[in-house]
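To start, the structure itself, in structure tokens.
Any read-out appearing in this document is the output of simple, stated calculations on the displayed coordinates, not a laboratory observation. Fair warning: this is a prediction, and the values are worked out from it, not measured in the lab. Every residue, glycine among them, receives a Cβ derived from its backbone with ideal geometry; neighbour counts consider all protein chains shown.
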Amino acid sequence: MRILVAVDQNPYSAHTVGEVAKLAANTWANVSLLGVQSKRVPKNEGSDAKTRSWKTDGPLPNVLSAYRDNFLSYFKEEDCPYTEREFGYKMIELRKGLWEELYVCKSAKKNFRALIRIGNPVKEILAEAKEEETDLIVLGCDTSQGCSWENNMAVPQKVANDAACSVLVAKKEKKVERIVCCLDHDRVSQQSLEMINQLVTLHSAKLTIVGFAESEGIKTRVEKKLDNVLRYYHERDIEPWIEIAELSSLDTFIAQEAQWGLMALWMGKMSILEKALPKSKVKKLIKGSESSVLILR
Amino acid sequence: MIKALVSLNMDLASSIALRYSCRLAEIIGMKLHTMHVEEVDKEGYSPGTGWVRSTWEKGLLQTSQEEILQLINTEKSSCPSLDAPIIRIGEREEELLHEIDDGSYDLFIEGVLHSFNAVNFYKKIQSKLYRYASCPIIIVKNLVDLNSIALLLGDDTDVRPLITSILKIFTKSELTVDLIHYTFQKFKGSVFREKVDDSKTPGRENGDKVLGKAEMMLSEMGCYPKDSWVIQDSPKKIADFLGGYGLVAAYIPSHSGMKNRLIELLSQVPSATLLCRR
């Protein structure tokens, strides 16, 4: 799994890095920390041309460096899959029956990178995710600023809506007690189920799986899929609750159930939620809710 | 030994109910009987008379039996005491009521998926089966850990019917029992949730009285509740709190109207719910 953590200089990004480190410890994912230096001049810094130029010892590189140290501090040195290089002697079989002790350099088991891109944060995050074929983008924000980043940009909302992969908008205001998971049972991927499994374990949270009913009731095939999902989690010692919601009351349902700390929405191509939840509603949910939001694709 | 009837269909709700019943049977030493009623539309009920009808019914029974056996066999490894199901053709509620009466069951169990829309739950509560069943009913909404039971008490009149039913079913089990006195928050009124032993918020005197009476009835039979709570909040908030219990039990008189807020509360409880109606 490849995780891209988009960060800025606010405290919520530090929290996000910690959350990803815990997730990475369980999944041994390839992780990239990405900071984006905006070309736009922040309003409070005036129009001095010097503030526009990016410096390697500027605040963003320093913050990124601190995040890297913080991320790696979650791993014991000997268990860390991201340890860059390790030199040492190792017996290597040169040919059948002939071994030689050679001085070798082992590379890290998994990649961990810290990057800075210059430009529009949304575009750069999406470009990096596309280039690196990222599976999950993680970014933080807090509701006190309407989930906006620098220059009042709605970066998390736009990334969540426009990314081709899954996106987790992590907030620290609310402890994750329960993960409410709205899945499209026809198309949900094994990888998404596994990601939910990881998050449940990570937060020691409970899980609710939501099935969508049309006006005439829940369909048999949806029930079968729900049963399969239920058994999948039972085999992993997780006992999810099942809840049925009608598509007509989707807005109310999401507004009410977002109280539990993490709302996961399956919004893959042609999914029920992609049709039923326009981008404006996803933006509103991310902006207004104190809970984290996971968009699964 | 407690004798329970579990209603089964080929659906997810029944599968969950069966698994929950097996867990419960193990804890309280209960004998499970399963039953499926094959409902046929009135138009299609009688394709003929005599031999034609009899053959048609036999075929229908056999198909239903095979399907339900498949459901039971899936659970057989964790619930070996399950016998062959009772299969009937007819009107579901009528057939189940007959069986409950004829078989003198102590408990009726069925699965109903937990729904954000409470309409189905209201319909269940108002149904003939739920109004006339001679024994308590457990509605299983989710497969939850049977660690503890919450007894919901609204006023003095709830105590005797609820405690009597509970003692009959759970007297030999070692499940933890909590007593909960609930009142609903009036418009913008105060909310509280506290244990009886903690500081007393004004207005909870009636709760203390009701809980005291229930506690006394239980202790006379050697059953001692772990905690006693007094809660005043909205139905949704109380229901969220009750989600932590493996079973939530309440007394709803058979004549209760649709406007009963306890029904609104119970419709939102995600755990299994025991309804005592007599």
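Observations on the model:
- Relative packing of B:266-272, A:237-243, which averages over residues the other C-beta atoms within 10 Å, highest first: B:266-272, A:237-243
- Dipole of the protein assembly as shown, positive direction: furthest Cα of B:L82, B:V144, B:T176, with charges on the beta-carbon: B:V144
- Unpartnered cysteines - no second Cys beta carbon under 4.7 Å - across chain B: B:C135, B:C223, B:C276
- Region B:148-276, dipole about Cα centre (Lys/Arg Cβ +1, Asp/Glu Cβ -1), debye to the nearest 20: 360
- Qualifying aspartates and glutamates (Cα of each under 14 Å from Cα of B:K76; at least 8 residues distant if same chain): B:E26
- Neighbourhood charge, 14 Å Cβ-Cβ cut-off, centred on A:E132 and excluding it, Lys, Arg +1 and Asp, Glu -1: 0
- Averaging 1/r over each pair of different alpha-carbon atoms in chain B and inverting the result gives 19.9 Å, the Kirkwood hydrodynamic radius.
- Taking every residue in B:104-117 and counting other chain Cβ atoms within 10 Å of its Cβ, the average works out to 3.
- Compactness check for the protein assembly as shown: Cα Rg over 2.2 N^0.38 Å is 1.18.
- Region A:116-144 and region B:78-156: distance between their alpha carbon centers, rounded to Å: 51
- The calculated 222 nm mean residue ellipticity attributable to helices in chain B amounts to -13500 deg cm²/dmol, summing -39500 (n - 2.57) over DSSP H runs of n ≥ 4 and dividing by all residues.
- Extent along the principal axes, Cα only, for region A:174-297: 37, 35, 23 Å, with the longest axis given first.
- Cα gyration tensor shape for chain A, rounded if a/c is under 1.5, else prolate or oblate: oblate
- Average other protein chain Cβ within 10 Å of Cβ, residues A:255-262: 1
- Isolated cysteines in chain A, defined as those with no second cysteine Cβ under 4.7 Å, comprise A:C80, A:C105, A:C165, A:C181, A:C182.
- Value of Rg to Rh for region B:2-140, rounded to two decimals, is 0.98; Kirkwood radius and Rg both from alpha-carbon coordinates.
- Signed unit charges on C-beta, dipole axis of chain B, positive-most listed residue B:S14, B:L167, B:A4: B:L167
- Rg and Dmax over the alpha-carbon atoms of region B:70-159 stand at 15.6, 46 Å.
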